[in-house]
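Encoded as C-alpha cells, the structure appears first; notes follow it.
The values are calculated or read from the model by the stated rules, or taken from the named source; none is laboratory data. Quick caveat: nothing in here was measured; it's all calculated off a predicted structure. With ideal geometry, Cβ positions are generated from the backbone for all residues, glycine too; neighbour counts draw on all protein chains shown.
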Amino acid sequence: MEERDRREAEEPREEPNEPDAREIADVQAEDDTASVPTDATAPIDAPTDAPTDAPAMDDDPTGEVPVTEALVRDAREDAESDGRGVERGAEDEAEGGAEVADLNEVRRRLGAKDRHIKELYNELAGTKLAADEAGARLGAGEVRVRDLEEERERLRERVREFEEEERVRRRRREGQDRRAARLEREIERREDDIRRLEDVLARREEEMSAYGQETQGVVSRKDMALEDALRRVEGLERDLEEREDEVVNLKATIDQMRVEIDLEYELRRRMADPANRLRAGIDLFNDSEHLREIGQVSRSLGRPEVYVALERGESDEPPVILTFTWGGVTWRTYAANPGVAVQEPRVYLQDAGEDLSGVDQEDSNAHVGSGGRVTLGL
C-alpha cells in the first residue's frame with residue numbers, strides 16, 4: 001500500500017486540457033477591450049451606414065437639433081458605461097471565478113446602441129428636410145405677397161382712371177344741364193313777351209270802345225283802324241300760336257334730350273365694364289349678317305374655336321374682337337363696336353387667312369352654341 005502511494009507521488013501529474021475560469025475571464029476581457037473603448041473620453045464611432053449628409057447641428061432653424069444631439073451624447077455615454085461595466089464584470093469574474101459573461105449578449109446590446117444612433121441620424125436628416133421645406137414655403141409666400149401688392153397697385157390705378165372718367169362725364173352732364181336751364185329761361189322770356197302782347201291787345205280793345213263814342217266820321221275811321229287792328233291781332237294770334245307751338249316743340253326737344261342723355265349715360269356706364277362690353281359686342285355680332293358666314297364655314301370645317309377680347313389700344317371705347325379658328329386650317333377676325341357714337345358699319349370683317357403662323361393664338365373663352373350663336377364661356 002505504501003509502495004503504491006510512493007509510485008503515484010513520483011509519477012508526473014498531467015495538466016487538464018480544459019481552460020480554467022481565469023483563462024476564460026482573460027479572453028473575455030481582451031474581447032471586450034477590443035470591442036468597447038476603454039478611454040471614457042473617446043467617442044463611439046458613428047455607424048458606417050449612417051447618412052453622410054446628416055445636417056449640421058447649427059443649421060437647423062427649428063431649434064430641435066440640440067435636443068437630438070443630446071440624445072446622441074446620452075446614447076454614446078450609455079454605450080461607454082456598458083463597455084466599462086463589461087470590463088469590470090470581466091475583471092471580477094477573472095478574480096473571483098464567477099460565471100463567464102455572455103459575449104453575444106454584449107454584442108447584441110452594442111448593436112442595439114448602434115441602431116439607435118443610426119435612427120437618431122435619420123431623425124436629424126428628416127428634421128433638416130422639414131426645415132428646407134418650411135424655408136421654401138416661406139419664400140413662396142413672400143413671392144405671393146409681392147404679387148398681391150402689385151395687383152393691388154394696378155387695381156388702385158384702374159380705380160383712379162375710372163374716377164377721372166366719371167369726373168369728365170359729370171362735367172359734361174353739368175354742361176348739358178346748364179344748356180337746358182338756358183332753354184328754360186328762354187321759354188320764360190317768350191312767355192313774358194306773350195303776356196305783354198296780351199296786355200297790349202287789351203289796351204287796344206279799350207281804345208276801340210272809347211273811339212266808338214265819337215262821331216260817325218270818326219267811327220268810320222275807327223272802323224278802318226279797327227279792321228287794321230283786327231288784322232294785326234289776327235297776325236299776333238297767329239304769331240302767338242306759332243310761338244306756342246314753338247314752345248311745345250322746345251319742351252318736347254328738352255324732354256327728348258334729357259331721355260337721350262340719361263340713356264347715353266347709362267349705356268356708357270355699362271360699357272365701361274369690360275365684361276359688359278364683351279357681352280354687348282357678342283350680341284351685336286349675333287344680330288349681324290356675319291353670323292351666317294360663320295355658319296356656312298362651320299358646315300364645311302366643323303365648329304370653330306372662338307376667342308373674344310377687347311382691342312388693345314388707348315381708345316376709351318375699344319371694339320370687341322372675335323377670332324374664329326377652324327382646326328388650324330383657316331381663321332377669321334371680326335370687329336364689333338357697341339359704342340354709342342359709332343357709325344356704321346358697327347360689325348365688319350377685320351382680317352382672314354389660311355395660315356396661322358402670323359396669328360396670336362389664345363385659349364378659347366367662347367363657343368358657338370347649338371343655335372349657331374356665339375356665347376361667352378366654354
> With respect to ALA252, is the statement that it is small (Gly, Ala, Ser), closer than 28 Å to ASP177 by Cα and part of a helix (DSSP H, G or I) true?
Replying inline: yes
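Of all residues in region 287-307, which are of a type in the set (Asp, Glu) and in a loop (DSSP other than H, G, I, E, B)?
ASP287, GLU289
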> Out of region 261-286, which residues are under 17 Å from VAL342 (Cα atoms), more than 26 Å from the chain's Cα centre (by Cα) and in contact (Cβ under 8 Å) with a residue 60 or more places away in the chain?
Replying inline: ILE261, GLU264, TYR265, LEU267, ARG268, LEU284, PHE285
> Out of (1) part of a loop (DSSP other than H, G, I, E, B); (2) small (Gly, Ala, Ser); (3) without any contact (Cβ under 8 Å) to a residue 40 or more places away in the chain, the odd one out for ALA352 is which?
Replying inline: (1)
>> Which condition from (1) within 30 Å of ASP273 (Cβ to Cβ); (2) without any contact (Cβ under 8 Å) to a residue 24 or more places away in the chain is the one that ASP102 breaks?
In response: (1)
> If you check GLY313, GLY339, which single one turns out to be modelled with pLDDT under 90 and either surrounded by fewer than 18 Cβ atoms within 10 Å (Cβ to Cβ) or charged (D, E, K, R) (or both)?
Replying inline: GLY313
>> Going through GLU174, GLU164, GLU151, GLU205 one at a time, which residue ends up being farther than 30 Å from ASP273 by Cβ and part of a helix (DSSP H, G or I)?
In response: GLU205
>> I'd like to verify a number: residues in region 320-378 that are more than 17 Å from SER288 (Cβ to Cβ) and touching a His at 6+ places or on another chain (Cβ under 7 Å), how many?
In response: 1
